[in-house]
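Enquirer: For reference, the structure I am asking about is given below.
The values are calculated or read from the model by the stated rules, or taken from the named source; none is laboratory data. The shown structure was predicted, so the numbers you read here are calculated from the model rather than taken from an experiment. Cβ: placed from backbone, ideal geometry, glycine included. Neighbour counts: every protein chain shown.
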Amino acid sequence: MSAVPLLEATGLTRRYAMRRGLFGRPVEVRAVDGVSLALERGRTLGLVGESGCGKSTTGRLVLGLERPDAGGVAFEGRPMPAPGTPAWRALRARMQMVFQDPLGALDRRMTIGAQIAEPLEIHSIGGRPERVAQLLRDVGLRPDQAGRYPHELSGGQRQRAVLARALATEPALLVCDEPISALDVSIQAQVMNLLVELQARLGTAILFVSHDLRAVRQVSHRVAVMYLGRIVEEGEPDAVLHDPAHPYAQALVSAIPHPGRRQRRILLQGDPPNPADRPSGCAFHPRCPVATTLCAREDPVLKPRPGDGRHVACHVAQGEVPARRAA
Amino acid sequence: MSGIALPLRVAGEGRRRRRWPVLVLCAIAWLGLMLGVALLADVIAPYAYTALDLRNRLASPGATVLHPLGTDELGRDVLSRLIFSIRMSLLIAFGATVIGALIGTSLGVLAAHFRGFVEQVVLALVDFSASLPFLILALAVLAFFGNSLTLFVCLLGLHAWERYARIARGLVISAGAQGYAAAVRQLGASPWRVYGRHVLPNIASTLIVSMTLAFPEIILLESGLSFLGLGVQPPETSLGSMVGYGREYLTRAPWILLSPAAVIVLTTFSVSVLGDWLRDRLDPTLT
């Protein structure tokens with residue numbers, strides 16, 4: 001086991017300037033605010049959270065598609081080169097992305113065979129026709145489907161084609177940004193099984209970004225829950241998703257429907273917060289059922305919980321303050 | 001009964017969809033004819049376009065067997081002049097359209113790729129070009145640099161470049177925000193590959209349509225400039241200059257003017273029809 005993880009991100013911060021109205025002052029939006037994560041070879045990290053919490057931006061930062069405003073990404077121990085440079089382009093062969101919308105991610109004027117061969121051409125890898133046929137078989141498509149255009153394939157087949165293109169260079173890291181949310185439920189399962197199977201065979205590390213907790217539990221070795229640009233809880237998927245420590249994670253998990261089981265659902269009060277106007281203290285405290293005065297004042301840090309060592313950023317879960325009874 | 005009728009109807013519909021529209025076929029035939037005439041002008045023209053036949057001046061079409069479309073005030077054969085005019089006008093229109101499309105598209109793509117300062121410069125040029133009446137620019141250039149065919153074609157090429165620049169810039173920016181360009185970029189593709197293999201083919205249909213719109217405009221512009229005496233200089237001849245010089249004999253010998261005018265109308269119309277149809281055909285998702 002090597003000491004250096006495949007991917008290590010420390011204190012990633014990405015701010016966007018947003019202007020309200022014609023003469024409004026630019027408001028700073030912190031889409032990602034100090035996210036640190038590490039990913040080892042052949043492992044999957046699931047990143048969950050509601051929309052707008054910065055999951056996708058984290059995925060893009062980790063891949064080096066955007067420059068973080070603070071913090072840094074190290075891939076195989078070396079810092080990420082600037083986007084667009086030759087070093088960055090060469091590194092693309094080692095890390096790939098699978099997109100949410102497979103039809104949008106494919107060029108509708110090219111056959112999928114030509115598109116799957118494209119990373120091989122870009123990175124001058126030989127043996128193209130056989131390799132393309134092999135890739136198509138790997139993702140469960142027929143080699144004769146290489147001549148099809150994207151609009152001639154079904155949604156699941158398109159996502160398989162995107163996956164084949166991403167795997168063409170045998171990357172060490174695959175970032176899947178909501179890879180299944182545009183697909184039918186039956187196809188979701190196929191694509192996820194395919195991911196697990198390919199990971200077992202190729203040893204690819206996967207950062208699996210999703211809002212679907214069940215999907216994340218199925219594929220991940222570790223899970224990180226994000227809220228408003230920060231990781232609020234991290235741990236083993238079974239632990240996090242069966243016994244969440246953070247009140248936000250508890251609310252998320254309680255929203256998973258269980259057939260036949262009557263369960264109390266935690267309904268969060270209030271709206272998802274505005275990242276341009278972060279609440280003081282813990283960002284979750286205005287919606288939190290167990291918030292205390294300390295939560296409104298002090299920002300909790302992500303650290304191991306005294307009892308079981310679970311990483312969680314919450315004063316209450318850490319036992320620093322007694323929980324207020326939920327109203 | 002209906003069981004037999006149904007497959008027949010389906011087959012008929014399939015064939016009808018594949019059949020080419022009559023109007024498009026006519027347009028293609030006409031443009032093919034024009035191209036053939038332009039290429040074979042030396043072979044098919046019965047006379048040289050400067051050859052005089054002073055005994056048959058202002059002969060009406062059909063008056064003599066020698067000049068089927070009549071002759072002009074100097075006794076030059078209208079058919080021969082028409083044939084050479086078609087060659088000249090098509091050369092100018094094709095050359096200028098291609099030059100305009102190349103300049104405009106390159107500048108538009110550059111602006112969209114670099115953004116910032118480069119984009120500001122290109123947009124300022126576009127605004128400058130769009131706000132300047134082209135006729136005044138043409139007058140100034142031709143007055144200062146004299147008139148040569150090369151210069152004239154290049155000048156007309158500048159006529160519509162800003163339109164391509166605007167369209168290309170807008171389309172490239174929006175394509176860059178779309179998944180396929182971002183996806184190819186994150187595969188590690190160089191900007192050449194992203195633009196050459198993905199973005200340009202995807203936006204080409206719009207550019208081609210705008211080329212087919214600019215083509216008739218350039219023919220008309222060339223005609224206008226030649227009509228004003230600024231375009232093609234005698235003894236060279238073009239469709240526009242034929243109309244221009246023919247107007248003096250409009251009442252006595254309208255055939256001098258009518259045949260080139262008809263060619264202008266038919267050619268510009270055919271290019272428009274063809275461009276419209278090409279736009280649909282170039283899209284593989286529309287069949």
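Enquirer: Taking the conditions exactly as written (touching a residue at least 24 places away in the same chain (Cβ under 8 Å) and either crowded, with 17+ Cβ neighbours inside 10 Å or within 13 Å of chain A (Cβ to nearest Cβ) (or both)), does residue B:206 satisfy them or not?
Expert: Answer is no for this residue.
Enquirer: Something else: Somewhere in the range A:280-288, is a residue farther than 24 Å from residue A:178 by Cβ, aliphatic (A, V, I, L, M) and assigned to a loop (DSSP other than H, G, I, E, B)? Full working, then the answer.
Expert: So in the range A:280-288, the residues farther than 24 Å from residue A:178 by Cβ come out as A:280-282, A:285-286, A:288.
So of that shortlist, the ones also aliphatic (A, V, I, L, M) come out as none.
No: the range A:280-288 contains no residue that is farther than 24 Å from residue A:178 by Cβ, aliphatic (A, V, I, L, M) and assigned to a loop (DSSP other than H, G, I, E, B).
Enquirer: Same structure, new question: Is there a residue in the range B:183-190 that is surrounded by fewer than 18 Cβ atoms within 10 Å (Cβ to Cβ), under 23 Å from residue A:86 (Cβ atoms) and within 12 Å of chain A (Cβ to nearest Cβ)?
Expert: yes
Enquirer: Also, I was wondering about something else. With the requirement that a residue be of a type in the set (Val, Ile, Thr), more than 10 Å from every other protein chain (Cβ to nearest Cβ) and either within 23 Å of residue A:177 (Cα to Cα) or surrounded by 17 or more Cβ atoms within 10 Å (Cβ to Cβ) (or both), what does the range A:89-134 give you?
Expert: A:112, A:116, A:132 - these are the residues of the range A:89-134 that are of a type in the set (Val, Ile, Thr), more than 10 Å from every other protein chain (Cβ to nearest Cβ) and either within 23 Å of residue A:177 (Cα to Cα) or surrounded by 17 or more Cβ atoms within 10 Å (Cβ to Cβ) (or both).
Enquirer: Picking from B:149, B:171, which residue would you name as being more than 13 Å from chain A (Cβ to nearest Cβ) and modelled with pLDDT under 85?
Expert: Details: B:171 fails: modelled with pLDDT under 85.
Checking each option against the conditions leaves just B:149.
Enquirer: Count, please, the residues in the range A:58-113 that happen to be among the small types (Gly, Ala, Ser), within 30 Å of residue B:279 (Cβ to Cβ) and in contact (Cβ under 8 Å) with a residue 12 or more places away in the chain.
Expert: Residues in the range A:58-113 being among the small types (Gly, Ala, Ser), within 30 Å of residue B:279 (Cβ to Cβ) and in contact (Cβ under 8 Å) with a residue 12 or more places away in the chain: 2 in total.
Enquirer: Still on this structure, please answer the following. Quick check on my filter: what residues within the range B:230-287 are away from chain A (no Cβ under 14 Å), surrounded by fewer than 15 Cβ atoms within 10 Å (Cβ to Cβ) and acidic (Asp, Glu)?
Expert: Matches in the range B:230-287: B:248, B:280.
Enquirer: Under 7 Å between Cβ atoms, which residue pairs at least 6 apart in sequence (or on different chains) link something in the range B:135-147 that is touching a residue at least 60 places away in the same chain (Cβ under 8 Å) with a partner that is assigned to a helix (DSSP H, G or I)?
Expert: Taking only residues 6 or more apart or on different chains, the pairs are B:138/B:155; B:138/B:225.
Enquirer: Output the number of residues of the range A:174-200 satisfying the condition of being in contact with a helix residue (DSSP H, G or I) (Cβ under 8 Å, 6 or more places away or on another chain) and farther than 19 Å from residue A:156 by Cβ.
Expert: Here the count works out to 1.
Enquirer: Further, regarding this structure: When you scan the range A:135-242 for helices (runs of 4 or more DSSP H) that lie fully inside it, which ones turn up with 1 or more residues that are in contact with a Pro (Cβ under 6 Å, 6 or more places away or on another chain)?
Expert: Ranges flagged: A:155-167, A:213-219.
Enquirer: When you check residue A:82 against the structure, is it in contact with a Ser or Thr (Cβ under 6 Å, 6 or more places away or on another chain), closer than 30 Å to residue A:5 by Cβ, outside any helix (DSSP H, G or I) and of a type in the set (A, V, I, L, M, F, W, C), yes or no? Can you show your working first?
Expert: Details: in contact with a Ser or Thr (Cβ under 6 Å, 6 or more places away or on another chain): no; closer than 30 Å to residue A:5 by Cβ: yes; outside any helix (DSSP H, G or I): yes; of a type in the set (A, V, I, L, M, F, W, C): yes.
Criteria not met by residue A:82.
Enquirer: Go through the residues of the range A:255-262 one by one and say whether even a single one is in contact with a Lys or Arg (Cβ under 7 Å, 6 or more places away or on another chain), modelled with pLDDT of 80 or more and surrounded by fewer than 15 Cβ atoms within 10 Å (Cβ to Cβ). Working first, answer last.
Expert: From the range A:255-262, those in contact with a Lys or Arg (Cβ under 7 Å, 6 or more places away or on another chain) are A:255-256; that's our starting set.
Retained after the next criterion (residues that are modelled with pLDDT of 80 or more): A:255.
Now drop any that are not surrounded by fewer than 15 Cβ atoms within 10 Å (Cβ to Cβ), which leaves A:255.
Scanning the range A:255-262 turns up at least one residue that is in contact with a Lys or Arg (Cβ under 7 Å, 6 or more places away or on another chain), modelled with pLDDT of 80 or more and surrounded by fewer than 15 Cβ atoms within 10 Å (Cβ to Cβ).
Enquirer: Kindly check whether there is at least one residue in the range A:95-103 that is closer than 16 Å to residue A:9 by Cα and at pLDDT 85 or above.
Expert: yes
Enquirer: Here is a follow-up. Taking the condition of being free of Cβ contacts under 8 Å to residues at least 60 places away in the same chain, within 18 Å of residue A:104 (Cα to Cα) and buried (at least 23 other Cβ atoms within 10 Å of the Cβ), how many residues in the range B:154-182 meet it?
Expert: Number satisfying all stated conditions: 1.
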